[in-house]
Structures are given as structure tokens and as C-alpha cells.
1. I want to check the label-to-label distance for residue 73 and residue 106. Put each point 7 Å from Cα in the C-beta direction and report it in nm to one decimal.
2. In nm, to one decimal, how far is the modelled label at residue 90 from the one at residue 143, with both set 7 Å along Cα→Cβ?
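What follows draws every value from the coordinates through simple rules; no lab data is involved. A quick note: this is a predicted structure, and the numbers were derived from the prediction, not measured. A quick note on method: Cβ atoms are made from the backbone with ideal geometry, for glycine too, and the neighbour counts reach across all protein chains shown.
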């Protein structure tokens, strides 16, 4: 079976071992004429409050750097991962903060993806990262085919 019609593959991953199966599967679809976009999405965090005691009228200390650290960690993960796609024509990386489903769908349209590859679920800190409901909603709203790889990691 030839997958040559898939010239632009969008691969949605997180930095958990659950994504390993998805990544390995996607590599089998890639040739030297394929462009790959790797995306990971960090759900927005509310700023953490430290040292505040409202009874004493103290203001909380807001720490926005938490999301910057998360974005840098995600980008470092994608940069390392992109180096393993040696057989692709070109590899792009996108680390986003936002709604997982919307960010995947938006990028697939902006980048003109021919195929979206994603896992069916994740675990650990990103328990809901690529959950069944996310992959189902991507399938329903996507303009291109979506390949969902069962990625349970128990």
C-alpha cells in the first residue's frame, strides 16, 4: 500500500512514553518527499499564587514563568524528536499553549496537512493531553484524514 499522497503529515505528540508508539508508526509513513510537522500543546495554566494570606491583606505573587518553562521544555522535546526524523524532506516543530483540539485543527489547516497522526490517549501529567475525546473531536472537525494510533501505556 502506498502512502505517497500524504506529503504533509502533522504529528501530534506529548512528552510521555505513550507517544512513542505513535511516533514510531508515523515514521513508517514518511519518505524523502514528506514534510512533517510535530506539534505539542500545553493547556493554559492559571498563574500560581505564592505567599498570599488574604486575611492579612497580602497580595499573591504571580509566577508567569511556569508557562515559559513548560513551553521551553516542550520545544526542547520537539527539537530532539525532530532530529530522529532523518528520512523526512523537512521537519517543522510547533509548541503551543491553548486548547489541544483547536490548536491541532488550526495548525492542520494553516500548514495544509494531508494527514494528522495522533494517539488515542496519554497518561501521567498530560493525562488528558490526547484523550479519546480529543482524538474524536479532531476526527469530526478535521479537513483531512486522521490516523489515530492506540497508544495506551499501562
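1. 2.2 nm
2. Rounded to a tenth, the inter-label distance reads 1.9 nm.
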